[in-house]
Amino acid sequence: MLEGYRGVYPDTLQWSAFGSASPLWTLAIEWHIYMFAGSLFFMCRNLRTIPLLAPVALFFGQTPVHFLFGAFQSDGVGRGLFTLWLAGAAIYVVARLPYRLPRAALLAFVSAAAFVAITPAGKEYSFVGYPLLAAVVFGIVAATQSSHRLTSQRVQRTIGFFADYSFSLYLVHHTIMSAIWLLLPDRGVSVFILAVVISNVVAIGLAFIGENKHKFIARLLTESFAFRRNKAAHTVS
């Protein structure tokens, strides 16, 4: 996770991406962002955690601060990724307000068309286009969350099934496709279908032992934290 590090120790802590993980360079940056944002959140929730979490925020905050306006490489790739992440976080807050945006789908469509029209290939990381990207996501969220048209339990279970391993698929698909292309260099429709099928099967298996357990792990952590807090309160009383 030090592949995306940008901070005061670039010569010792900044590593280069390698192998089939190279296309996932944003994942390391996201790790730093979530560690930084998470430490700030819990420090605000409980001031007693500041001595423990302040060093975490100081270390992991270096990379997000760089990506407020900085880039991943000299040609501008990755510029302002933390700013874009903050815009996404703001969308979550705004979308939860009781006000419902009329014609949200139209907003998403127009913003997407405008982004494509003004953004040349290779120049996607631009602060000019970021407001349009935020508007696209906000329009989609507002349009889909304002109504519940899919009421079928079967359809909802199907969507949930695919969603439950989507992140695992994101993590493993390029590695699997690279291996398949090495073994089967004659790429075509059949090889593409094979890569898609194997990637999904592997992702489902990994999600079963990993990604799908996040609620179980969260429940264990929550119950453990609540037990310790109640025990401490009982001891004091």
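Report the rotationally averaged projected area of the chain based on its alpha-carbon convex hull, in square nanometres. Mind showing how you got there, number by number?
On the way: hull surface 75.2 nm².
So the mean shadow area of the Cα hull is 18.8 nm².
DSSP H helices in the chain with Cα extent of 27 Å or more along the helix axis and mean Kyte-Doolittle hydropathy at least -1.0? Let's see the in-between values first.
Working: long enough: 25-45 (31 Å, 0.89); 189-209 (31 Å, 2.68); 214-236 (33 Å, -0.22).
Span-like helices here: 25-45, 189-209, 214-236.
Any idea how far the Cα center of the range 16-92 sits from the one of the range 104-156, in Å?
So the separation of the two Cα centres works out to 23 Å.
Mean separation of Cα pairs under 8 Å and 6+ residues apart, divided by the residue count of the chain: what relative contact order is that in percent? Don't skip to the answer; put the middle values down first.
Values: 205 pairs, mean separation 31.8, N = 237.
Value for the chain: 13 percent.
Under a point-charge model restricted to the Cβ atoms of Lys and Arg (+1) and Asp and Glu (-1), what is the dipole moment magnitude of the range 156-237 relative to its Cα centre, in debye to the nearest 20? Mind showing how you got there, number by number?
Numbers: 8 positive and 4 negative charges, 106 e Å.
In debye, rounded to 20, the range 156-237 gives about 500.
Bear in mind these aren't lab numbers, they're just calculated from the coordinates by the rules spelled out. Note that this is a predicted model, so its numbers are computed, not measured. Don't worry about glycine lacking a Cβ; one is built from the backbone with ideal geometry, like all the others, and counts go over all protein chains shown.
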